[in-house]
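Here the structure comes first, spelled out in C-alpha cells, and everything after it is commentary.
The values are calculated or read from the model by the stated rules, or taken from the named source; none is laboratory data. Fair warning: this is a prediction, and the values are worked out from it, not measured in the lab. Neighbour counts run over all protein chains shown; Cβ positions are idealised from the backbone, glycine included. Surface accessibility is based on the protein's heavy atoms, side chains included, excluding ligands, DNA and RNA. Shrake-Rupley method; radii C 1.70, N 1.55, O 1.52, S 1.80 Å.
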Amino acid sequence: MDFDTDIAIIGGGLNGTTLALALAQAGQRVSLIDAQRATVWEDPEFDGRSYALALTSTRLLEAVGVWADVVQNAQPMLEIKVTDGRAGEGPSPMFMHFDHAEIEEGPMGFMIEDRYLRQALQAAVSTTKAATLLDGETVVSQDTDVSGISLTLDSGKTLRARLAIGADGRNTGTGERAGIKRIGWSYGQTALVCAIEHGLPHDGVAHQFFMPPGPLAILPLTGNRSSIVWSETDVNAKAIHALSDDAYLDVLRPRFGSFLGEVALAGKRYCYPLGLSLAHEMVAPRVALVGDAAHGVHPIAGQGLNAGLRDIAALAEVIADAARRGEDIGSDAALARYQEWRRFDNTTLALATDSFNRLFSNDNPLVRMARDIGMAAVNALPGLRRGFIREAAGLTGDLPRLMQGRPL
C-alpha cells in the first residue's frame with residue numbers, strides 16, 4: 001500500500017519539531033502538521049517565555065543539529081537553591097543547595113528563551129528534505145487499519161502514514177480520537193509567568209522559594225535577567241494578573257526579595273492554570289503520544305519539557321531500531337516497547353510533582369518543620385545531594401542514546 005509519509009506528527013511546537021528532526025535523521029519521511037501558521041514564530045521580540053533544559057536535553061538538541069544555533073543565547077544553570085518561607089519574611093535557614101561542581105558532566109542545564117529555540121527548530125525543519133511542514137492545518141479525523149493510519153485535515157487533504165504521533169498538548173485530539181482516556185485534576189493554582197531585569201548579577205544561580213500559596217521559581221537568563229514562574233491560588237492569580245505592570249511588581253517584590261537589586265519587567269506577562277493530566281496509555285493502534293499529550297505535570301521541578309524530550313529520544317530510538325530490523329515501525333510490538341520504556345518514569349514524575357506541590361504548598365506548622373528538616377538533611381548528605389543534582393541534570397535512569405551523546 002502506498003503511503004504519503006512514514007510518520008505524521010500532529011503538533012508543531014517544541015516537541016513536534018524536535019521529533020521531526022530526530023526521525024528524519026533516522027531515515028523516516030515525516031509530515032509535521034501544525035495548526036499555527038509558520039509565520040507566527042518569526043517574531044524576533046522577546047515575549048518573556050523561556051525554558052529550563054536539563055543537560056541531557058541539550059545533548060538531544062545537539063544531536064538534531066540545533067544546539068549550536070542557540071547555545072550563545074543560553075544561560076548555564078550552575079547552582080540551584082531551594083528554600084521555604086513566607087512572602088515578606090525571607091527564607092528559612094534550612095535549605096537545599098545544589099552545585100554543578102559536584103558532578104563531572106558540566107552545568108546541570110541551561111535556560112533558553114522561547115524565541116531562540118522555537119525559531120532554530122522551525123528553521124531546521126524547513127531545510128530538512130525528509131520533513132514536510134503542513135502549517136495552518138488541523139486534523140479533523142483519523143482512521144486506523146491493520147497497515148496504517150489515514151488522517152483527514154480541515155482543508156480536505158488526506159494523509160496516509162504508517163504511524164501518527166500526537167505532540168498536540170494536554171487537550172490532545174490525537175489521543176482522544178484514538179480512544180485514549182486521561183486522568184487528572186486541577187491544583188486550584190495558576191502560574192504567573194514573566195521575565196524581569198534586575199540590578200545585580202544572578203551568577204547562574206536558580207532559586208526555588210516555596211510559599212504557602214505555591215512556589216516561586218527565579219531562573220537565570222543571559223545578562224542581568226531572570227525568568228519568573230510564580231504559583232498562586234486561582235483567585236489571587238486572577239487579581240494579580242489584572243494589575244498594571246507597576247502594581248504587579250509591587251506584589252512580586254516582597255516575594256522576590258532584594259538580593260538581585262531593583263527589578264523591572266522584561267517582556268509580556270502570562271498566566272496558566274495548573275493541574276495534573278496523565279494519559280492512561282501512551283500508545284494505541286498506529287498512534288503514540290509524547291510530551292504534554294501523554295503527561296502534563298506541575299512545573300514545580302521544571303521537568304515538563306525535559307520529560308517530553310526524553311519521550312522523543314526514546315521513541316526515535318525505538319523506531320530507528322525497528323526499521324533497522326525490518327519491522328513495521330507502527331506495529332503494536334514496536335509501540336509497546338516505547339510505552340514500556342517511558343510510562344513508569346512519566347507516571348513517577350507526575351506523582352512526585354503532585355506530592356511535592358501538596359507538601360510544600362501547605363502552611364501547617366508541623367508540616368513546615370518536617371519539610372525544612374528534610375531539606376537540611378538532604379543538604380548535609382553529599383551522596384544524596386549528588387543524586388538530586390544528577391536528577392536535575394537528567395542523568396539518571398535508562399537514557400536514550402541521543403541523550404547520551406550517541407547517534408541513533
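Would you check if ASP69 is farther than 30 Å from ASN357 by Cβ, in contact with a helix residue (DSSP H, G or I) (Cβ under 7 Å, 6 or more places away or on another chain), surrounded by fewer than 21 Cβ atoms within 10 Å (Cβ to Cβ) and not hydrophobic (A, V, I, L, M, F, W, C)? For ASP69, the condition - farther than 30 Å from ASN357 by Cβ, in contact with a helix residue (DSSP H, G or I) (Cβ under 7 Å, 6 or more places away or on another chain), surrounded by fewer than 21 Cβ atoms within 10 Å (Cβ to Cβ) and not hydrophobic (A, V, I, L, M, F, W, C) - is met. All of (1) farther than 28 Å from TYR338 by Cβ; (2) modelled with pLDDT under 95 hold for GLN72 with one exception: (2).
Quick check on region 217-239: of everything there that is within 19 Å of GLY275 (Cβ to Cβ) and not polar (S, T, N, Q), which residue is surrounded by the fewest Cβ atoms within 10 Å (Cβ to Cβ)?
To start, the set of residues in region 217-239 that are within 19 Å of GLY275 (Cβ to Cβ) comprises 217, 229-238.
Checking the rest, the ones that are also not polar (S, T, N, Q) come to 217, 229-230, 232, 234-235, 237-238.
Details: ALA217: 23, VAL229: 22, TRP230: 24, GLU232: 23, ASP234: 15, VAL235: 11, ALA237: 22, LYS238: 13.
The selected residue is VAL235.
Scanning region 40-53 for residues that are under 17 Å from the mean Cα position of the chain (by Cα) and either polar (S, T, N, Q) or open to solvent by 40 Å² or more (accessible area, probe 1.4 Å) (or both) turns up ARG49, SER50, TYR51. For region 6-39, how many residues meet the condition of being touching a residue at least 40 places away in the same chain (Cβ under 8 Å) and surrounded by fewer than 24 Cβ atoms within 10 Å (Cβ to Cβ)? Of the residues in that region, 14 qualify. If ALA314 satisfies all but one of (1) modelled with pLDDT of 95 or more; (2) farther than 30 Å from ALA63 by Cβ, what's the number of the condition it fails? So the condition that ALA314 fails would be (2).
Quick check on region 328-371: of everything there that is of a type in the set (Val, Ile, Thr) and within 27 Å of the chain's Cα centre (by Cα), which residue is most open to solvent (accessible area, probe 1.4 Å)?
Restricting attention to region 328-371, the residues satisfying the condition of being of a type in the set (Val, Ile, Thr) are 329, 347-348, 353, 367.
Narrowing the set further to residues that are within 27 Å of the chain's Cα centre (by Cα) leaves 329, 347-348, 353.
Values: ILE329: 10, THR347: 47, THR348: 62, THR353: 5 Å².
My answer is THR348.
Tell me whether region 110-118 contains one or more residues that are crowded, with 21+ Cβ neighbours inside 10 Å, over 17 Å from the mean Cα position of the chain (by Cα) and not small (Gly, Ala, Ser). No, region 110-118 contains no residue that is crowded, with 21+ Cβ neighbours inside 10 Å, over 17 Å from the mean Cα position of the chain (by Cα) and not small (Gly, Ala, Ser). For region 251-302, the set of residues classified as among the aliphatic types (A, V, I, L, M) and either surrounded by fewer than 18 Cβ atoms within 10 Å (Cβ to Cβ) or at positive phi (or both) consists of VAL251, ALA264, LEU265, listed by residue number. Among the criteria (1) in contact with a Gly (Cβ under 6 Å, 6 or more places away or on another chain); (2) buried (at least 18 other Cβ atoms within 10 Å of the Cβ); (3) assigned to a loop (DSSP other than H, G, I, E, B), the one THR56 does not fulfil is (3).
Under the condition of being in contact with a helix residue (DSSP H, G or I) (Cβ under 6 Å, 6 or more places away or on another chain) and more than 30 Å from ARG401 (Cα to Cα), the residues counted in region 33-45 number 0.
When restricted to residues that are open to solvent by less than 60 Å² (accessible area, probe 1.4 Å) and not hydrophobic (A, V, I, L, M, F, W, C), region 316-326 contains 2.
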